[in-house]
Amino acid sequence: MDERLLARLAERVSDAHSYLHIEEKSAELARLDEETARPGFWDDVPRAQRISKQAGNLRDTLKEYAAACGALDDARAAFELSSEDEAFSEEARIAAASLDDMLDALELSSWFSGRFDEGDAILTINPGQGGLEANDWCEMLFQMYTRYAGSKGWKATVLDAVPAEVMGLDRATIQIEGRNAYGMLSSEVGVHRLVRISPTDEKERRHTTFASVEVLPVLPDDIEVDLNPADVRVDVYRSSGPGGQCVNTTDSAVRLTHIPTGIVVTCQNQKSQLQNKEAAFRVLKARLFELEEAKRAEQIDELRGERKEISFGSQIRNYVLYPYQLVKDLRSGVETGNVDAVLGGEIDQLVIGYHKWRVSQ
């Protein structure tokens, strides 16, 4: 490590102080901590939970910035000592590399400044053209996102996963809870194209199939949505998917039909009818909010992106398993030949690559 690298890292730490608005965040956290200490704070549980989560996110950002400052001090100290003892050179190099990674993560988190970016997400996968192949592809994406959420330390709750008649899934909806979950996963909105040798084709021919991914924010309780319960038809039925005790043996699954818009939401993977109903209303509320936003803007909703037919020519990303191995995002140009890793949930380079491209536009 040389003085130029150290100066560059110091400049990046200074930049982070500015773009993270450290002073403002510190003041806001102090205000929230004061509010949480007041008597009766937990009398309104939903509001208290929302404020506690907001304070937690601020505290995490401030801790990460403080850690970067500490790493810079460590790198400086090791660099100064390396002139007297060569053994400190390696320590300085390791400290600089660690600081570089910290600053990359801080820069990434700064990109998510949208209204709901820091919050949780509702991710839905629907099969497109391709028949049985599309159902199988739907399940493959479902597994990919579930594993990705696990790798990020996020909580993934399956709200709806309907098995297809022969293989795969007819649809899947997952609620993903974690810091910046909605902001990060907004990269996945659109049509995903798979090319491979079909496991159902006796002649082993190459097939192309599609699935669409929709990502909506989990709306805070203080967001008002025009939802009249009288406009919603509630149907209950027996769950069709695998589940725990009581699932499949009672009418626990819930289908909501919003009569004015025709929006249909189903949820069947929670343990009770009440839990399924609450989850379904959460999804319906998000979709109605999306619809209202689109009407206000008089354009396609930015929360979900432009809706396209789930078929060739409309995809955002290609996953090619044959005749070669390649995953390529058609917006950012990021690609990798390690298809197995991607389908196993290692999609960070694609997600981050998309957001780098988005910020640069």
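Rounded to the nearest Å, what's the spacing between the alpha carbon centres of the stretch 5-53 and the stretch 311-344? Just the number, please.
Cα centres, the stretch 5-53 to the stretch 311-344: 38 Å.
Any idea what diffusion coefficient the stretch 3-110 gets from Stokes-Einstein, in µm²/s, Kirkwood Rh on alpha carbon pairs, 37 °C, 0.692 mPa s? The partial results should precede the final answer.
Working: Rh = 15.7 Å.
The estimated diffusion coefficient comes to 209 µm²/s.
Suppose the chain between GLN325 and ALA97 were pulled fully straight at 0.36 nm per residue; how much longer would it get relative to their current alpha carbon spacing? Numbers along the way, then the final one.
On the way: separation 228, 0.36 × 228 = 82.08 nm, distance 3.11 nm.
Using 0.36 nm per residue and subtracting the Cα-Cα distance, I get 79.0 nm.
At a 10 Å Cβ-Cβ cut-off, how would you order TYR319, TYR237, fewest neighbours first? Mind showing how you got there, number by number?
Details: TYR319 22, TYR237 12.
Arranged by neighbour count, lowest to highest, TYR319, TYR237 become TYR237, TYR319.
Would you mind ranking SER109, SER252 so that the residue whose beta carbon has the fewest other beta carbons within 10 Å leads the list? Working shown, then result.
Numbers: SER109 21, SER252 24.
Fewest-to-most Cβ neighbours within 10 Å comes out as SER109, SER252.
Multiply the residue gap between ILE197 and GLU107 by 0.36 nm, knock off their C-alpha separation, and tell me the result in nm, one decimal place. Before the final figure, lay out the partial values.
On the way: separation 90, 0.36 × 90 = 32.40 nm, distance 4.02 nm.
Length gained, ILE197 through GLU107: 28.4 nm.
By average Cβ neighbour count within 10 Å, what is the ranking of 138-145, 31-38, 116-123, 289-296 from highest down?
Values: 138-145: 21.1, 31-38: 11.6, 116-123: 23.0, 289-296: 15.0.
Descending packing order for the listed peptides: 116-123, 138-145, 289-296, 31-38.
What's the extension gain from ASP340 to ALA294 if we count 0.36 nm per residue and subtract their Cα-Cα distance?
Numbers: separation 46, 0.36 × 46 = 16.56 nm, distance 3.71 nm.
Taking 0.36 nm per residue and subtracting the Cα distance, the gain is 12.8 nm.
For the chain, modelled as a GNM with alpha-carbon contacts under 10 angstrom, which of ARG317, ARG287, ARG50 fluctuates the most?
ARG50
Expressed as a whole number of Å, what is the distance separating the alpha-carbon centroids of the stretch 57-117 and the stretch 131-161?
Spelled out, the Cα-based centre of one part sits 33 Å from the other.
Compare VAL166, VAL13, VAL195 in a GNM of the chain, Cα atoms joined below 10 Å, and give the one with the largest fluctuation.
Ranking VAL166, VAL13, VAL195 by mean-square fluctuation puts VAL166 first.
So how compact is the chain: Cα radius of gyration and Dmax in angstrom?
Cα only, the chain: 23.6, 78 Å (Rg, Dmax).
Net charge within 14 Å of GLY150 by Cβ-Cβ distance, Lys/Arg positive one each and Asp/Glu negative one each, not counting GLY150 itself? Intermediate values should be presented prior to the final figure.
Details: positive: ARG147, LYS152, LYS155; negative: GLU177, GLU346, ASP348.
Neighbourhood net charge equals 0.
Report, as a whole number in µm² per second, the diffusion coefficient that Stokes-Einstein gives for the stretch 127-264 at 25 °C and 0.890 mPa s using the Kirkwood radius over alpha carbon pairs.
Working: Rh = 17.2 Å.
In µm²/s, the coefficient rounds to 142.
At 15 Å minimum axial length over the Cα atoms and a Kyte-Doolittle cut of 0.0, report the qualifying DSSP H helices in the chain, or say none. Mind showing how you got there, number by number?
Working: long enough: 3-19 (24 Å, -0.54); 22-36 (21 Å, -1.01); 45-82 (54 Å, -0.38); 87-110 (36 Å, 0.27); 132-151 (29 Å, -0.36); 273-297 (36 Å, -0.63); 348-360 (18 Å, -0.41).
Span-like helices here: 87-110.
Put +1 on the Cβ of each Lys and Arg and -1 on the Cβ of each Asp and Glu in the chain; which of ASN57, CYS69, PHE281 then has its Cα farthest toward the positive end of the dipole?
PHE281
Within the stretch 15-30, find all residues whose amide N lies under 17 Å from a label point positioned 7 Å from the Cα of ARG59 along Cα-to-beta-carbon.
Answer for this model: 25-30.
What FRET efficiency would be calculated for the residue pair ILE22, ASP231, taking the C-beta separation as r and a Förster radius of 41 Å, to the nearest 0.05? Could the numbers behind the result be given before it?
On the way: r = 46 Å, r/R0 = 1.12.
The value I calculate is 0.35.
By counting other Cβ atoms within 10 Å of each Cβ, how are TRP137, TRP154, TRP42, TRP357 ranked from fewest to most? Numbers along the way, then the final one.
Details: TRP137 25, TRP154 19, TRP42 12, TRP357 15.
If I rank by nearby Cβ atoms, fewest first, I get TRP42, TRP357, TRP154, TRP137.
Using the structure shown, select from LYS53/LYS155; LYS285/LYS328; LYS152/LYS285; LYS53/LYS152 the pairs with a Cα to Cα distance greater than 23 angstrom.
Numbers: LYS53/LYS155 15 Å; LYS285/LYS328 33 Å; LYS152/LYS285 26 Å; LYS53/LYS152 17 Å.
Too far apart for the 23 Å limit: LYS285/LYS328; LYS152/LYS285.
Report the residue, chosen from GLY344, GLY262, GLY190, that carries the largest GNM mean-square fluctuation when the chain is represented by alpha-carbon nodes joined by springs under 10 Å.
The residue with the greatest mean-square fluctuation here is GLY262.
Whole number please: convex hull volume per residue, Cα atoms of the stretch 87-186, in Å³. Present the calculation step by step, with values, prior to reporting the outcome.
Numbers: hull volume 12.6 nm³, N = 100.
Enclosed volume per residue, from the Cα hull, is 126 Å³.
Each reported figure results from applying straightforward, stated rules to the coordinates on display, with no laboratory input. In this text, all values refer to a predicted model and were calculated from it rather than measured experimentally. As a convention, Cβ positions derive from the backbone with ideal geometry for all residues, glycine included, and neighbour counts pool all protein chains shown.
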